[in-house]
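One structure is given below, encoded as structure tokens.
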Amino acid sequence: MGIQGMELFAVGVVIILFVAVLKQFGILEPMSMEDSSDSDLELSTVRHQPEGLDQLQAQTKFTKKELQSLYRGFKNECPSGLVDEETFKTIYSQFFPQGDATTYAHFLFNAFDIDRNGSIRFEDFVIGLSVLLRGTVNEKLNWAFNLYDINKDGYITKEEMLAIMKSIYDMMGRYTYPIVRDDAPFEHVEKFFQKMDRNRDGVVTIDEFIETCQKDENIMNSMQLFENVI
Amino acid sequence: MAAGVATWLPFARAAAVGWLPLAKKSMPKPPSDNKSRNDEILIVNVSGQRFQTWKNTLDRYPDTLLGSSEKEFFYNEETQEYFFDRDPEMFRHILNFYRTGKLHYPRHECIQAFDEELAFYGIIPEIIGDCCMEEYRDRKKENLERLAEDTEAEMATDAPLPPDSTSRERLWRAFENPHTSTMALVFYYVTGFFIAVSVIANVVETVPCRPPKGRVKDLPCGEKYSLAFFCMDTACVMIFTFEYLMRLYAAPSRCKFMRSVMSIIDVVAIMPYYIGLVMPENEDVSGAFVTLRVFRVFRIFKFSRHSQGLRILGYTLKSCASELGFLLFSLTMAIIIFATVMFYAEKGTKETNFTSIPAAFWYTIVTMTTLGYGDMVPNTIAGKIFGSICSLSGVLVIALPVPVIVSNFSRIYHQNQRADKRRAQQKIRLARIRLAKSGTTNAFLQYKEHGGLEQDRHSGSQALCVRNRSSFEQQHHHLLHCLEKTTNHEFTDEHTYSEVCMAESVGYRTSRSTSISSHQGLSTSCCPRRAKRRAIRLANSTVSVSRGSVQELDTLHIQKSSIVPQSRSSLNARTQDLKLNCDDTDFTAAIISIPTPPANTPDESLPSSPGIPSILRNSRQLGDCSGSFTHETVKISSL
């Protein structure tokens with residue numbers, strides 16, 4: 001009846017309290033232990049040191065001073081020597097506060113992360129910059145093609161281009177003039193393909209891309225734009 | 001944007017190459033970058049300690065002093081470094097901010113010094129990192145509170161009233177600060193005494209007294225000596241009512257006063273009496289009347305005007321309202337839970353006290369506060385187990401918020417102690433500061449006295465009387481002198497000024513009569529005694545001109561006419577005493593700084609003078625000395 005129920009309950013409570021006291025004395029070890037301590041060690045030891053200054057100088061077109069300056073900035077921001085994707089997205093998003101730059105940052109990250117190991121080292125960073133700032137026009141165009149080609153199979157499909165285009169329009173955000181229409185990326189992609197896709201096979205290859213760009217005066221002129229960034 | 005962002009900007013711009021093939025329109029030209037691209041190491045010298053850093057590091061925050069061109073103002077061409085005459089210890093933190101992007105607050109530094117450094121370098125305190133932000137905020141709040149206390153203490157209370165306050169203001173002051181006048185102090189103590197009397201009477205009237213003849217039962221004293229108690233009560237209520245009405249009259253803002261806690265306590269203390277007077281001796285109503293008498297005990301709260309400690313307690317409770325609320329809430333929860341459990345545990349027992357859950361509340365409260373009266377006791381085993389858990393948890397629940405309340409009380413109490421100590425020391429501090437300040441003014445006045453203002457007339461003897469002045473002092477005195485010349489008034493000290501004020505209120509009357517009637521005799525006859533008194537004082541007056549100058553106003557009145565005739569030489573003689581070299585005296589509208597006239601002049605009979613009409617003060621020209629106190633130039637104005 002009610003009486004026995006309450007007594008049972010009381011006895012249950014007493015047992016629980018007893019167990020709690022025993023735990024305090026360390027007699028009864030709790031079951032969940034081992035896992036949490038080790039995992040923290042791994043992250044902290046991940047660190048990367050770049051190759052020597054001379055090797056980097058050989059690989060890129062920067063002067064020693066420029067490399068030193070670049071590395072100082074890089075090391076200041078990322079003491080561990082590696083930039084992972086989240087950090088990269090955060091940093092890049094700060095330049096485009098009005099819109100959402102995360103998707104484009106993701107593509108950009110993949111473009112920089114040459115060996116696809118999920119983090120950008122200083123070498124990747126500096127090599128990418130060298131191409132962008134000191135490379136020939138062809139090299140730059142190659143780099144751009146690599147950026148658009150998401151799966152790195154050598155062809156830009158309409159879907160890939162659409163994804164890139166959408167991510168770029170996302171960076172604009174909502175408050176634009178005129179307002180970004182929903183089909184704006186799609187239209188842009190169509191125009192792009194009309195221009196680039198010579199043989200109308202629905203994909204753009206690297207040769208088509210470079211050929212078309214070389215014929216376009218605007219594009220060629222604008223390639224010099226960012227030379228003085230560093 | 002954070003520092004790091006500036007580092008990544010070139011990278012983001014480079015990555016924009018990816019947009020170029022897609023662009024619909026042609027790209028704009030990049031900004032021309034004419035500053036040197038080479039990063040260089042800058043040397044920043046802060047009070048001798050040299051800090052070196054990359055230029056880029058400082059450029060990260062272009063809206064601060066070091067990041068903008070403002071630092072060029074501090075550039076030292078010879079040593080090719082930026083020199084700042086500031087604290088090098090603090091600069092370390094500032095520079096670290098540039099380097100790491102996070103501003104840390106050094107705990108051992110004074111918060112105001114830190115704030116000043118931040119303000120100098122153009123860094124807003126809001127960017128202090130989260131690690132140090134709390135500490136910074138706490139210290140800042142503490143500091144502000146202390147400063148507010150200081151200013152309050154300064155502004156409050158013991159400063160002398162402006163002379164033109166109404167009786168109402170004086171009354172209010174007397175009530176608020178009884179120490180200001182004896183009457184107020186007397187009243188304060190009298191009210192305190194009557195509060196005590198009233199409370200004691202309330203207590204004593206319930207004590208059983210021996211029954212009067214013919215009765216068996218013990219009577220409470222209130223009924224035995226009802227008339228005496230009634231008279232005492234009436235007297236107290238009279239006093240309280242009178243006090244309340246006086247306060248109401250004197251209060252600067254009656255609405256605010258009526259809403260204040262103390263006035264509500266006053267009203268509650270005296271209302272029962274009046275209601276009792278008004279109510280009939282009805283049996284039904286007298287129950288309510290008896291309840292009203294309970295409120296008379298609130299008179300004890302009137303003591304909080306007299307006791308600082310009570311006020312602190314009240315303030316503490318108010319400031320711990322949230323902790324008390326939490327205590328109450330958690331207790332209520334625990335009470336309900338345990339009462340329910342106990343009720344169901346004891347339900348089976350016959351003749352149990354736990355008749356319902358609300359009945360079990362009493363048991364729970366008594367147990368949780370560890371009172372344990374023993375009027376309700378569990379009998380079953382389950383009940384006993386839960387009862388013991390209840391009492392253990394009661395101790396915990398009550399103990400938890402108590403330290404918060406205690407620490408609050410301690411903080412407020414210490415604050416008050418500090419405030420009292422500070423107030424006591426304030427007078428000494430202010431006196432010392434005033435002395436130091438007056439030292440500067442006195443320096444100027446003394447300098448004037450000793451004829452220093454005169455452009456090196458008697459430079460040799462000047463050196464004797466004028467003490468050595470630093471170049472700062474010289475320039476300062478020159479500035480003050482320029483101001484005097486601009487406004488045609490002279491500086492003086494407050495003693496002289498107050499004397500002049502008094503004298504003017506007198507002199508106004510006398511001089512007005514003078515101007516109206518233009519009879520010298522009138523002025524003397526109006527206040528011969530005063531003049532004589534002044535004259536006697538004059539004889540004792542010392543070198544400091546300012547002391548004597550007020551009397552001079554009146555005596556000058558009197559002896560205006562006598563200036564020209566015989567006193568000229570004597571005046572001359574006097575000038576020699578007072579001013580070592582000079583002779584010039586400036587008349588100003590503020591005071592007359594002419595030398596003290598001789599003691600004997602007021603007693604002389606005044607020759608009738610051509611009535612000097614309404615007299616104007618005029619500033620004399622410098623260098624017009626040696627007895628040229630002509631009538632035309634000596635004009636004293638009556639204001």
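The values are calculated or read from the model by the stated rules, or taken from the named source; none is laboratory data. Since the structure is predicted, the reported quantities are computational estimates derived from the model, not experimental observations. FYI the Cβ positions are ideal-geometry reconstructions off the backbone, even for glycines, and counts take in every protein chain you see.
I'm trying to understand the selection: among the residues of segment B:99-138, which are surrounded by 14 or more Cβ atoms within 10 Å (Cβ to Cβ) and aliphatic (A, V, I, L, M)?
B:Leu103, B:Ile111, B:Leu118, B:Ile123, B:Ile127, B:Ile128, B:Met133
Looking only at strands (runs of 3 or more DSSP E) that fall completely inside segment A:114-230, which ones have 1 or more residues that are aliphatic (A, V, I, L, M) and more than 20 Å from B:Ala16 (Cα to Cα)?
A:203-205
A quick yes/no check of all residues on (1) within 26 Å of A:Glu77 (Cα to Cα); (2) at pLDDT 90 or above; (3) not in a strand (DSSP E or B):
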| site | (1), (2), (3) |
| --- | --- |
| B:Asn56 | yes, no, yes |
| B:Pro62 | yes, no, yes |
| B:Glu78 | no, yes, yes |
| B:Ile94 | yes, yes, yes |
| B:Ala113 | no, yes, yes |
| B:Ala119 | no, yes, yes |
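Going through A:Phe88, A:Phe74 one at a time, which residue ends up being crowded, with 18+ Cβ neighbours inside 10 Å and under 15 Å from the mean Cα position of the chain (by Cα)?
A:Phe88
Name the one entry in B:Ser69, B:Ser47, B:Ser32 that is more than 8 Å from chain A (Cβ to nearest Cβ), exposed (fewer than 15 other Cβ atoms within 10 Å of the Cβ), within 43 Å of the chain's Cα centre (by Cα) and modelled with pLDDT under 90.
B:Ser69
Could you figure out which of (1) crowded, with 17+ Cβ neighbours inside 10 Å; (2) modelled with pLDDT of 85 or more; (3) over 24 Å from B:Asn202 (Cβ atoms) isn't true of B:Thr316?
Unmet condition: (2).
Please work out which residue is farthest from the other protein chains (Cβ to nearest Cβ), limiting yourself to segment B:322-343 and to residues that are crowded, with 18+ Cβ neighbours inside 10 Å and at pLDDT 90 or above.
Filtering segment B:322-343 for residues that are crowded, with 18+ Cβ neighbours inside 10 Å and at pLDDT 90 or above, the one farthest from the other protein chains (Cβ to nearest Cβ) comes out as B:Ile335.
Suppose the filter is among the polar types (S, T, N, Q) and more than 9 Å from chain B (Cβ to nearest Cβ); does A:Asn228 pass it?
Judged against the criteria, A:Asn228 is not a match.
Mind telling me which of the residues B:Phe361, B:Phe409, B:Phe386 ends up being touching a Pro at 6+ places or on another chain (Cβ under 8 Å) and either of a type outside the set (D, E, K, R) or more than 30 Å from B:Phe491 (Cα to Cα) (or both)?
B:Phe386
Tell me which of these B:Arg247 doesn't satisfy, since it passes every other one: (1) surrounded by 15 or more Cβ atoms within 10 Å (Cβ to Cβ); (2) over 41 Å from the mean Cα position of the chain (by Cα); (3) not aromatic (Phe, Trp, Tyr).
Looking at each condition in turn, B:Arg247 falls short on (2).
Looking only at segment A:202-215, filter to residues that are crowded, with 18+ Cβ neighbours inside 10 Å, more than 10 Å from chain B (Cβ to nearest Cβ) and of a type outside the set (A, V, I, L, M, F, W, C); which one of those is farthest from A:Asn146 (Cα to Cα)?
Ranking the qualifying residues of segment A:202-215, first place goes to A:Glu208.
What are the pairs, 6+ residues apart or on separate chains, where a residue within segment A:190-201 that is under 23 Å from A:Lys166 (Cβ atoms) and more than 12 Å from chain B (Cβ to nearest Cβ) has its Cβ under 6 Å from a residue that is surrounded by 12 or more Cβ atoms within 10 Å (Cβ to Cβ) and hydrophobic (A, V, I, L, M, F, W, C)?
Close Cβ pairs satisfying both conditions: A:Asp197/A:Val204.
Would it be correct to say that B:Tyr82 is surrounded by 14 or more Cβ atoms within 10 Å (Cβ to Cβ), modelled with pLDDT of 90 or more and outside any helix (DSSP H, G or I)?
The answer is yes for B:Tyr82.
For the list (1) under 45 Å from the mean Cα position of the chain (by Cα); (2) without any contact (Cβ under 8 Å) to a residue 24 or more places away in the chain, I need the number of the one condition that B:Glu77 fails.
Failing condition for B:Glu77: (1).
In the set B:Lys421, B:Lys427, B:Lys437, which member is more than 30 Å from B:Glu473 (Cα to Cα) and in a helix (DSSP H, G or I)?
Answer to the check: B:Lys421.
Look through segment B:166-224, keep the residues that are over 38 Å from the mean Cα position of the chain (by Cα) and polar (S, T, N, Q), and return whichever of them is surrounded by the fewest Cβ atoms within 10 Å (Cβ to Cβ).
Filtering segment B:166-224 for residues that are over 38 Å from the mean Cα position of the chain (by Cα) and polar (S, T, N, Q), the one surrounded by the fewest Cβ atoms within 10 Å (Cβ to Cβ) comes out as B:Thr206.
Go through segment B:366-390 and give me each residue that's within 14 Å of another protein chain (Cβ to nearest Cβ), small (Gly, Ala, Ser) and surrounded by fewer than 18 Cβ atoms within 10 Å (Cβ to Cβ).
Across segment B:366-390, the qualifying residue is only B:Ser388.
Any residue at all in segment B:200-211 that is in contact with a Ser or Thr (Cβ under 7 Å, 6 or more places away or on another chain) and touching a residue at least 12 places away in the same chain (Cβ under 8 Å)?
no
Looking only at segment B:36-67, which residues are aromatic (Phe, Trp, Tyr) and within 18 Å of B:Thr7 (Cβ to Cβ)?
Residues satisfying the conditions are B:Trp54, B:Tyr61.
Taking segment A:52-94 as the search range and keeping residues that are assigned to a helix (DSSP H, G or I) and among the hydroxyl-bearing types (Ser, Thr, Tyr), which one is modelled with the lowest pLDDT?
The qualifying residue modelled with the lowest pLDDT is A:Ser69.
Hey, can you tell me all the residues within segment A:132-151 that are surrounded by fewer than 21 Cβ atoms within 10 Å (Cβ to Cβ), without any contact (Cβ under 8 Å) to a residue 24 or more places away in the chain and either in contact with an Asp or Glu (Cβ under 9 Å, 6 or more places away or on another chain) or not hydroxyl-bearing (Ser, Thr, Tyr) (or both)?
Matches in segment A:132-151: A:Glu139, A:Asn151.
Give me the pairs: first residue in segment B:136-147 and closer than 14 Å to B:Gln415 by Cα, second residue of a type in the set (S, T, N, Q) and at pLDDT 85 or above, beta-carbon distance under 9 Å, and six or more apart or on different chains, which are they?
Between residues of segment B:136-147 that are closer than 14 Å to B:Gln415 by Cα and residues that are of a type in the set (S, T, N, Q) and at pLDDT 85 or above, the close pairs are B:Asn143/B:Gln112.
What number of residues in segment A:13-51 are modelled with pLDDT of 85 or more and within 34 Å of the chain's Cα centre (by Cα)?
The number of residues fulfilling the criteria is 0.
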